[in-house]
2 protein chains.
Amino acid sequence: MNFKEVMALAKRRGIFQPAYEPYGGVAGLLDYGPVGVRMRRKILALWRRQFVIETDALELEGATIGPEALFRASGHLSEFDDLLVECNECKKLHRADHLVEGGDALEKEALIAEVVRVTCGGCGGALGTPRPFNLMFATSIGAGRGSTGYLRPETAQGIFQAFPWLLRQNRGKLPLVAAQIGRAFRNEIAPRQGPLRLREFTQMEVEHFFLPDAESSLPDGVGNVVVSLLPANGKGVEISISEAHAKGVIISPLVATWLARCCKFILDCGVPPEKLRFRQHNQNEMAHYSSDCWDGEVKTSVGWIEVVGIAHRGDYDLKAHAVASGREMRVPAGGGSRLVERWIPNKGAIGKQFKSAAGDVLGQLDSSAVPGIVVGVGGKKIELDEECFTLETTTVQEMVFPQIVEPSFGLDRLLYVVLETAWRNKDERGWLALPKVVGPYDALVAPLMVKDGMGERAKEIHRELRQKGMDVYLDLAGSIGRRYARADEIGVPRAITIDHRTLEDGTVTVRERDLTEQKRASIEDLQ
Amino acid sequence: MNFKEVMALAKRRGIFQPAYEPYGGVAGLLDYGPVGVRMRRKILALWRRQFVIETDALELEGATIGPEALFRASGHLSEFDDLLVECNECKKLHRADHLVEGGDALEKEALIAEVVRVTCGGCGGALGTPRPFNLMFATSIGAGRGSTGYLRPETAQGIFQAFPWLLRQNRGKLPLVAAQIGRAFRNEIAPRQGPLRLREFTQMEVEHFFLPDAESSLPDGVGNVVVSLLPANGKGVEISISEAHAKGVIISPLVATWLARCCKFILDCGVPPEKLRFRQHNQNEMAHYSSDCWDGEVKTSVGWIEVVGIAHRGDYDLKAHAVASGREMRVPAGGGSRLVERWIPNKGAIGKQFKSAAGDVLGQLDSSAVPGIVVGVGGKKIELDEECFTLETTTVQEMVFPQIVEPSFGLDRLLYVVLETAWRNKDERGWLALPKVVGPYDALVAPLMVKDGMGERAKEIHRELRQKGMDVYLDLAGSIGRRYARADEIGVPRAITIDHRTLEDGTVTVRERDLTEQKRASIEDLQ
């Protein structure tokens, strides 16, 4: 399927459509319908199994509105913007990087220099000077004058500010894997139709906090994963994670580990391996906080679509929030404590030596005073020797900011690429070859015909299978062929058909979606 | 537990805490932590089973930002406000209905009249004139001048605007049960601490669409449910749903049906029956769209807390959106079609009678013209008789707006009342007696001690149980008593302890939370 066909299928079959469609729609906002909500839920559940349960992650569900101070600290207030260019003639607004070929890879200054050479794509008029447009949605919190707040542009900052609390929940220990599923908001200048560039979208994020020197080696079961990599300064390569790490293609073992996990997850969602690659950001493309970043991209009819970003965020975020909030966000360094020696003025010795002037001498000594310091006493300058001090030895806990590696998925885009790449055609038939784990239902239950008691029996079987825990639905309307076709179109893996024989011997027909093979099975054996 | 103790437990054990706590917190916003997210997820899953799966509801997941036109149509732009009063002296802002005893039951005019008599609770100064403050968070969508948008104050409007699409997904048929889980936002003037009056909260809403005359009787399994009702004009009564309906205490069968479902669900979450009542709104309290409304309220240490509202919204919402959007939101009436007769000007007859003036005559006839109409021809007035018309009989499909009954839960408040009412104390021990279905984990897995291979065996058993699908966690730290106490405090129903005997015969100790009974069981039998 191409983009247009996915959009048509999504609308027709209740996967998604533009939000507020009766009001003409609002660009960049979607409604997910009955089938779409189910697919999202399945993808979320799979993600949660692999990224939360298997990694023993601590989950957080924070607020979507955040205070200005948070986003000043995170850098979003000053950095999170696109360059906006207005046409002097028709007043149309353009994103500067869309006006220039390869504009998204240029630095700000270079982009501004390039934009001068182009004219309005709409009317051909001259363009104004590019100006930054912050992509956060602003609002006001509280009555009266209120205080400025923003809708979070990523769920990550909510995790960072909650780090001290999460660390207590983890009994003060690192590593700590935190995870959050939730909405994020970006006031895109030019949202794309459908789920590819949304103003409101769902993220599935992990923030892995670890000690600076704790990235030692790849954990079990990761090294053998084969990935398709496109390094910033090199050619694309098919390579195992262990080799990619050994050869320095992916420097951080944790970036490599999460990249392997992301690869497995995307493939489990049904994306074919040959359509998945991980592309490294070049320096200009990298976010302000990031030291290394790989995008998981899927090849579609509209180009390579990013579905996940794996970023090494270093200690940028926790440092920023510690400074801005005044809260301790460091942890004891792995190497434990260290001895610190400090000279403390010896009041007794100074009293003996200086008598009534002792108070005056002590007043001239601050915490940096060491033997050899010169003080003024009655107009004379006197050097204090070691006798006037005591050497104090204390054990100091060295504190460091944890490092962070973040794999961050966009659920909406992931669903899109899963839909587009799962579509199959053969002869007249079209179907979504979704893996069972992300299909909207486990099975369709359908009577061959509603008459002769088959309809009633189908209802009973539907009820029984549901009580067994199967995620089934009942379809009574139209010919059986039409019902199969409808099920195929939304990726239901199996159809269970109740026919005349069912009433006699308790068996049903089970039709597999991909092969359209039909087998008889007894109702008890279904699972 | 009282309110303060719930708050302390929630913060200590990672259930929830004020959001942005390192930044001093933002009133009305919460962070849910690892244990809280799990409890929320369990409550959501139970709700979804009872309100979505069992009712075959169509789920929607819409955008949280909505366009101004939507909220103008819904009435939120003009009606969704609180009266705000500023102190002339200290400039403190008050909610008018908080200044007057029983203020929330007064109509606007009465409230304004009452506020004149009081002074500022803070400084005793004179108060200004009350003015309306709209409770929606406003923002701007798009670059440049943008267009005004609001964060949805309820998830319901998203369902209403999507009704035509959902109806198509339901193949044009009513009844249609639609459901949505999602965030809603209210810019409260005076948010309360904790989850009781939040600026950002999670709703679990059902909108049940049905034909006006289709509310016939109570469905099976509903009539016997006994509820505690407090009618607007009457005394509290313990009564079965069928009796409440028969006696006219609850007039609408669908309101009664959903109230029964809500009652069952709240009790399944662990709220004791004697602490749950359903209170009918009086006329002043009722929202602008509602014709009958019952609040499910739970008795807590801070009074009766509303956790669900069951409202008969009539056809208010669909009518409003149909008018505002121009989109058809009616459905064919249950009674089918009806015959409509209409007079059509007979061009032939008029031509014969009026010759060259026929065109002039026809020009004077609009669609409302019937025999007997007087037209001007060449300065004369002439009455047209039946000869000049044809009587056309057509079949018209009568269209009606569906009626709506809405049960709408607030997840945050529900979690609060579940926590408060589930707490038990006995001797030195305190525990959350949560039903298994809403507890954060199925079981704790803990070695008696880490040494002698018990720690390793515990890890293995933890892994095995997880693969079996059990939602278990491993706790290795501290004495076994402390680990039991920690599990009790967050409502883990069972503890599975690995001891010396486990290594010998493969049995473990299973401790039940509520009775602290300990039994031996073989690992294979655990489920």
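Read the figures in this text as sums done on the coordinates, not as results from a lab. Just so it is clear, the model here is predicted, and its values are computed rather than measured. So basically every Cβ, Gly included, is an ideal-geometry build from the backbone, and we count neighbours across all protein chains shown.
A point 7 Å from Cα along Cα→Cβ stands in for residue B:78, and the other copies hold the same point at 4.7 nm, listed in rising order. In region A:367-473, the inverse of the mean reciprocal separation of distinct Cα atoms equals 22.8 Å; this is its Kirkwood hydrodynamic radius. Pairs with C-alpha atoms separated by more than 32 Å, drawn from the list B:42/B:275; A:11/A:275; A:468/B:235; A:11/A:92; A:173/A:347; A:459/B:42, are A:468/B:235; A:173/A:347.
Over 21 Å, how big is the tail of the calculated P(r) for region A:59-180, in percent of all Cα pairs? Cα-Cα pairs in region A:59-180 separated by more than 21 Å: 57 percent. Computed over every Cα-Cα pair of region A:374-432 and binned at 5 Å starting from 0, the pair-distance distribution P(r) comes out as 4, 9, 8, 8, 6, 6, 6, 5, 5, 4, 4, 4, 4, 4, 5, 5, 4, 4, 3, 3, 1, 0 percent.
The convex hull around the C-alpha trace of region B:454-527, projected and averaged over every direction, spans 4.7 square nanometres. Of the trypsin sites (Lys or Arg not before Pro) found in region A:21-127, the ones in coil according to DSSP and having at most 12 other Cβ atoms within 10 Å of their Cβ are A:117. Subtracting the Cα-Cα distance of residue B:339 and residue B:104 from their residue separation scaled by 0.36 nm leaves 79.6 nm. Under the combined filter of DSSP loop state and at most 15 neighbouring Cβ atoms within 10 Å, region A:389-449 retains these GluC sites (Glu not before Pro): A:428. Translational diffusion of region A:333-399, estimated by Stokes-Einstein from the Kirkwood radius over alpha carbon pairs at 25 °C in a medium of 0.890 mPa s, is 185 µm² per second. Bridgeable aspartates and glutamates around residue B:355 (alpha carbons under 20 Å apart, same-chain partners fewer than 8 residues away excluded): B:366, B:383, B:385, B:386, B:387.
The modelled label-to-label distance between residue A:397 and residue A:46, using points 7 Å beyond Cα along the C-beta direction, is 4.3 nm.
Antiparallel beta bridges, as assigned by DSSP with both residues in region B:441-525, represent about 55 percent of the total such bridges. The residue among A:291, A:266, A:455 whose Cα reaches farthest toward the positive pole of the charge dipole of the protein assembly as shown, with charges on the beta-carbon of Lys, Arg, Asp and Glu, is A:455.
Across region B:159-317, counting alpha-carbon atoms alone, Rg and Dmax equal 16.5, 48 Å. Across region B:488-510, the residues whose backbone nitrogen lies under 13 Å from the label position 7 Å along the beta-carbon direction of residue B:517 are B:510.
In chain B, taking the dipole from charged Cβ atoms about the Cα centre, the farthest positive-side position among B:90, B:25, B:353 is held by B:25.
What share of Cα pairs, in percent, lie more than 46 angstrom apart in chain A? Cα-Cα pairs in chain A separated by more than 46 Å: 32 percent. Spin-label pair residue A:147-residue A:291: with each label point 7 Å from Cα along the Cα-Cβ axis, the two points sit 3.3 nm from one another. Modelled spin labels at residue B:217 and residue B:304, positioned 7 Å past Cα toward Cβ, are 3.2 nm from each other.
Cβ-Cβ distance of residue B:456 and residue B:505, R₀ of 25 Å, FRET efficiency by 1/(1 + (r/R0)^6): the value works out to about 0.90.
For region A:175-210 versus region A:479-519, the inter-centroid distance based on Cα atoms is 38 Å. The mean of 1/r over all pairs of different alpha-carbon atoms in region A:81-134, once inverted, gives a Kirkwood hydrodynamic radius of 10.8 Å.
In the protein assembly as shown, the inverse of the mean reciprocal separation of distinct Cα atoms equals 33.4 Å; this is its Kirkwood hydrodynamic radius.
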